[in-house]
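The structure that follows is given in the form of structure tokens.
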Amino acid sequence: MKEVILIKNGEMALKGLNRRSFEDAMAKTLRRRLKPLGKMEIVRAQSAMAVVPGDDAFDFEEAVRRVGRVFGISAFSRACVATKDLPDICRTAAAYLAPQLQAAATFKVECKRADKTFPLTSPELARELGGYLLSRFHHLTVDVHNPDLLVVAEVRDFGVYLHGPQLPGAGGLPGGTAGKAAILISGGIDSPVAAWRMARRGVGLTAVHFASPPYTGPRAEQKVRTLLQTVAGYAGPIPLWIVPFTEIQQSIGEACPEELFTIIMRRFMMRCAEQIALKAGCKALITGESVGQVASQTLSALVCTNAVCSLPVFRPLIGSDKEEIVSLARKIGTFETSVLPYEDCCTVFTPRHPKTRPTLEQVEKAEAALEVETLTARAVAGAVLERMD
Ligand code: ATP
Ligand code: MG
């Protein structure tokens, strides 16, 4: 039996003239994700797509998992293909859906007919197929209102797709269709979730990570790569800039009051990230901040951090509780990596008593002891680009 994956586009159907480019973006991400799994074809018809394996070597189970992670897909189903011959449709449905039909007590058949030359109308085909399934599975009864199992037959030009209920897709909009923004990514729990949230709205990501060797090691950087690869599975490839941050941190440590260390460091991160963002054609910055989570995320601190940026800063987790963020991190598959215990630059130089209500005036005064522009420019110039896919 030939199995395929039928894909339902989500919100894209609403996007009028843009629909084509949305579908192209989704097909591109899909192709990139599925190509390593073997020979296959992505067949597009009207507003639907189907993944058709080229041969038996294609890793179908992994393909199903990957399809469930591509943004823009609202729902999908595994389906079997029959010829447009009624006995074949009936036999194929009974064989393909046997486990589900056996497990159900009630069912309903629904038919869709894209090929209007097919000799039976949709209700006629539903009646024929339903009758056949009843004759083969004696324990079943029909329930048109609340069936345990919905059996779907979709008549297309070349054949008939047969499938059970749909599986939920990752939703959102396809990668990159909403313009670009730069995510400040640490190896923590929050920023990968923030990245995922914005990417789900179609925002194409460029990632910026600050590393402070020798205080932070290669394993901390590897963590960031792994996190971005997970997000890229949903959104498509993500360029990653790794910015050397040691000199900035040491300079702050030498010249500024300890209680302002973190806030000044965060301002440097924003300055560097903004320069990289502008170079990369990004229209905004994204962080994983959430009000009140730590001293550098009080409203007063956020005001000081924001003051150095001219691009808009998006903080998709700003009103989320840690528990909500953790549960989303688990769902999207970043949590296990985020909790690996490698030192991040933020944990290396942590003040004992950070100021929770810094004023812009205090912070700017403390920063006057530093060569802000030179330090920023040097860090940005030393940034190294990689591509996460
Ligand atoms: P996260 O879990 O995302 O690390 P956090 O709760 O630990 O967040 P902070 O360490 O104060 O909070 O960082 C706030 C935000 O600053 C992060 O969400 C991230 O966007 C950015 N950030 C922190 N550290 C780095 C880093 N090393 N490189 C790039 N961005 C960073
Ligand atoms: Mg952190």
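The values are calculated or read from the model by the stated rules, or taken from the named source; none is laboratory data. This is a predicted model, so every value here is computed, not measured. Glycine also receives a Cβ, built like all others from the backbone with ideal geometry; neighbour counts cover every protein chain displayed.
Yes/no per residue for (1) in contact (Cβ under 8 Å) with a residue 24 or more places away in the chain; (2) assigned by TED's automatic domain parsing to the domain that holds Phe268; (3) over 17 Å from the mean Cα position of the chain (by Cα):
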{"residue": "Arg330", "(1), (2), (3)": "no, yes, no"}
{"residue": "Asp344", "(1), (2), (3)": "yes, yes, yes"}
{"residue": "Thr347", "(1), (2), (3)": "no, yes, yes"}
{"residue": "Thr356", "(1), (2), (3)": "yes, yes, yes"}
{"residue": "Glu364", "(1), (2), (3)": "no, yes, yes"}
{"residue": "Glu367", "(1), (2), (3)": "yes, yes, yes"}
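Among the residues of the range 189-205, write down those that are surrounded by fewer than 24 Cβ atoms within 10 Å (Cβ to Cβ) and touching a Phe, Trp or Tyr at 6+ places or on another chain (Cβ under 8 Å).
Across the range 189-205, the qualifying residues are Ile189, Met198, Arg200, Gly202.
Matching residues to (1) assigned to a helix (DSSP H, G or I); (2) near ligand 1 (Cβ under 9 Å from one of its atoms):
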residue: Leu260; (1), (2): yes, no
residue: Arg266; (1), (2): yes, yes
residue: Ala273; (1), (2): yes, yes
residue: Ser310; (1), (2): no, no
residue: Ser320; (1), (2): no, no
residue: Glu324; (1), (2): yes, no
residue: Arg330; (1), (2): yes, no
residue: Thr337; (1), (2): yes, no
residue: Leu340; (1), (2): no, no
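Can you tell which of Gly236, Gly292, Gly281 is farther than 18 Å from Ala366 by Cα and either touching a helix residue (DSSP H, G or I) at 6+ places or on another chain (Cβ under 6 Å) or aromatic (Phe, Trp, Tyr) (or both)?
One residue alone meets the criteria, Gly236.
Related question: Out of Val203, Val208, Val224, report the one residue that is closer than 20 Å to Ala27 by Cα, modelled with pLDDT of 95 or more and not assigned by TED's automatic domain parsing to the domain that holds Asn146.
Testing whether each residue is closer than 20 Å to Ala27 by Cα, modelled with pLDDT of 95 or more and not assigned by TED's automatic domain parsing to the domain that holds Asn146 leaves just Val203.
With Ala377, Ala301 as the choices, which residue is within 26 Å of Leu228 (Cα to Cα) and in a helix (DSSP H, G or I)?
Among Ala377, Ala301, only Ala377 is within 26 Å of Leu228 (Cα to Cα) and in a helix (DSSP H, G or I).
Across the range 232-246, what is the number of residues that are within 10 Å of the chain's Cα centre (by Cα) and hydroxyl-bearing (Ser, Thr, Tyr)?
1
Moving on. Give me a count of the residues in the range 51-74 that are modelled with pLDDT under 95 and assigned to a strand (DSSP E or B).
2
Let me ask another. Being among the acidic types (Asp, Glu) and under 18 Å from Phe158 (Cβ atoms) narrows it down to one of Asp56, Asp88, so name that one.
Asp88
Further, regarding this structure: If we keep just the residues of the range 209-231 that are within 14 Å of ligand 2 (Cβ to nearest atom) and outside any helix (DSSP H, G or I), which is nearest to the chain's Cα centre (by Cα)?
Ranking the qualifying residues of the range 209-231, first place goes to His209.
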